[in-house]
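Quick note: the coordinates plus some simple rules give every number you see, no bench work behind them. It should be emphasised that the depicted structure is a prediction, and the values quoted were computed from it without experimental measurement. Counting neighbours? That spans all protein chains shown, and the Cβs are built from the backbone with ideal geometry, glycine included.
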Amino acid sequence: MAVKTWMWNLGVVGVVATVGGCKDGKIADACHSTPEGYSAACYEEEDDYEDYENYDDYDYDYDYDQDYDEPECSDDDDCDRGVCEAAETSEAYCAPYPSIPVCSGAPEVGLTWVRQGTGTGSGVGLAGRAGEPQRMLLVGAEVDGVEVPVSVADVEAGAVPQPLPLELAGGETVVGIEQADLDADGDFDLLVTLSSELETRVVPLRSEADGVRVALDPVVFGEPAGAAKLRRLQDGTFSLFVHSATWSLLQADSLEEGGFAEPAPSPWGTEHVVDYAVAPLDGQTFDGLLAAVNTQNSNRSVIEALIDGIRVDLGLAGEPQRRVLADSLAGFVITADTTNYAFTSVESAFAGDDAVRTTRVDHLDNPVQQVAMTDMDADGQGELVLLHVDGNLSVVYSASSEDACVEAVLTGADFDTILTPASGTGEGVVLSGSKGLLSVRGSRR
């Protein structure tokens, strides 16, 4: 980054050096004490005197050999949330990321209230990839006028919650849900994450033939963490991951009969993991694993993938405070940095390809509170969904392609949570807020 320097020149700021003191007829008491090494001076104008008193604002170590034509940048790393144009030339300069254009044509987005009014409950998670039944995890919903601590409900209008056999310990909160056929019996089992200030429990709920769910022994992680994410492996087994409050990534591998082994460190050990994603990156039915890891320079993070047990740098170095997502259906890795109120910067790269595309979504004074990846229009490409503080959405269609465009979706209500399956392979989103639960699906075409 080019460095701007300022020169303090006594002749420029109107200082008149004298030998015997100030001349008569000037401003009264205009002859002032001066720093050691500088001459006494008189001022024609009061403003000049103020400039002189602020001498500390100037750079006495001015480099007279500095080249004023020095380029502003040499590569993108020299630009704060921008790109270096005309790099490696004397006219290189920093420019903002290119803005994703607004979609042409009216969107065809369907808004459906799934639950609304008294007893709706709060949505804390959504399970179900594309082609699977979707289930919302609810807290405090009412069934037949009785409040149920934890329940699940289908994503359909008028859905009736089904209570879950869970007992919350003191201080525990419900933070997430996953689903998979853990015991290969043809029925989807659930995994519900409960977290407290001391530990995190993930409780497998096995589905029985009569529709009853049985709670198995929980997987206990010895520190607070966010919602667990389930990785489906090629051999039909599973790995469960949580992102702890100490920024480490922990895992537990599945056992027979739907249980899991004792938790252990992930391949990243105790390294500072900013965020992570579990998703199929190569069009297969099994999942890859991505992590944003702080480098030794804490102001940057790199995106790594776990391939055949080996950590591979994908070449997406960037800001540390960013989300890691994946356009699973198209095989792209997506990152989103929402720390700027005016825009969200979006990076996309094909898994295994060094080419990185960085763009931005403008939202001016409407900051983003959450981001998610999902297939909104069921076309096989993922959309980046941004939930703003006013409850409305920005949807970036085909987010990983050069044809990406953004469309505003007005929800008409305040929402504070956006629910999608953790893998990013789901369809549509569900919004949760004080007015209820709203399903959002549809196409821009």
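A few notes on this one:
- In Hz, Karplus ³J(HN,Hα) per residue of region 407-424 (6.51, -1.76, 1.60; θ = phi - 60°; x = Gly, Pro): 10, 7, 10, 8, 8, x, 7, 8, 10, 10, 9, 10, 10, 9, x, 4, 6, x
- Evaluating 6.51 cos²θ - 1.76 cosθ + 1.60 at θ = phi - 60° for every residue in region 359-366, the Karplus couplings come out as 9, 9, 10, 7, 9, 6, 9, 10 Hz, glycine and proline recorded as x.
- Fully extended contour minus Cα-Cα distance, from T339 to S401, at 0.36 nm per residue: 20.0 nm
- Entry note: region 308-414 has Rg to Rh equal to 0.98, where both radii use alpha-carbon atoms and Rh is the Kirkwood radius.
- Karplus (6.51, -1.76, 1.60) ³J(HN,Hα), θ = phi - 60°, over region 431-437, in Hz, Gly and Pro reported as x: 9, 10, x, 5, 8, x, 10
- Amide hydrogen proximity for A317: with H placed 1.01 Å from N in the peptide plane, the residues at 5 or more positions away or on another chain lying under 5 Å are I303.
- Modelled spin labels at L198 and A264, positioned 7 Å past Cα toward Cβ, are 2.7 nm from each other.
- Amide hydrogen neighbours beyond the local backbone of V109, cut-off 5 Å, H modeled: S443
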